[in-house]
Amino acid sequence: MPLETERGYHLMIRDPEAMPHIPTADADGKFVATPMETGLRFAGTVELAGLDAPPDWRRSRILLEQGRKMLPGLAASLPEERISVWMGHRPSLPDSLPVIGPSRATPDVIYAFGHGHVGMTAAPMTGKIVADLVAGRPPSIDIAPFSASRFS
């Protein structure tokens, strides 16, 4: 599989001076500000760099710059102990479609991976398809476009 990792960057501010009441997306900055019990999270910047590449923490700092534009009440300077950054990996495929369906080598193994940026959104439908396949029922949609064999 030509699986690659989308690396998503996040920045959390503890005790922010300003915070939205609900998760708020900034279409121009392409990020989301999410109020949490532990502070304010900014997330949204992504890169394709592989599992072994070192993180590029400048991407998290860009989120902070964008967040200050969205929420001008945030302090212009924050002490490092109030900021935490992290990076997570999402499995992605070059055509942006997941692999869903039985393995050719072992038919009792059902693939359901490579959802990239839409994993949480696609999870309910993917779960339904996998449940149908495991139960021997035909899936409610044509899963041919999601076959692992498309990369053969």
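Annotations
- Among the residues making up region 63-89, those that are open to solvent by less than 70 Å² (accessible area, probe 1.4 Å) and closer than 28 Å to Met1 by Cα are Met87, Gly88.
- Every pair of residues 6+ apart whose Cβ atoms lie under 7 Å, when the first sits in region 100-128 and is open to solvent by 90 Å² or more (accessible area, probe 1.4 Å) while the second is modelled with pLDDT of 90 or more: Arg104/Ser149; Lys128/Ser140
- Of the residues Asp28, Asp15, the single one that is charged (D, E, K, R), closer than 17 Å to Leu64 by Cβ and in contact (Cβ under 8 Å) with a residue 60 or more places away in the chain is Asp15.
- Odd one out for Ser60, checked against (1) surrounded by 19 or more Cβ atoms within 10 Å (Cβ to Cβ); (2) assigned to a strand (DSSP E or B): (2)
- Residue match in region 85-94 (condition: out of contact with any strand residue (DSSP E or B) (no Cβ under 9 Å at 6 or more places or on another chain) and among the polar types (S, T, N, Q)): no
- Test: residue in region 30-43 that is small (Gly, Ala, Ser) and out of contact with any helix residue (DSSP H, G or I) (no Cβ under 9 Å at 6 or more places or on another chain): no
- Any chance Thr5 is buried (at least 18 other Cβ atoms within 10 Å of the Cβ) and under 24 Å from Gly127 (Cβ atoms): yes
The values are calculated or read from the model by the stated rules, or taken from the named source; none is laboratory data. From a predicted model like this one, the values you see are computed outputs, not experimental measurements. As a convention, Cβ positions derive from the backbone with ideal geometry for all residues, glycine included, and neighbour counts pool all protein chains shown. These area figures cover heavy atoms from the full protein model, side chains too; ligands, DNA and RNA do not enter into them. Shrake-Rupley method; radii C 1.70, N 1.55, O 1.52, S 1.80 Å.
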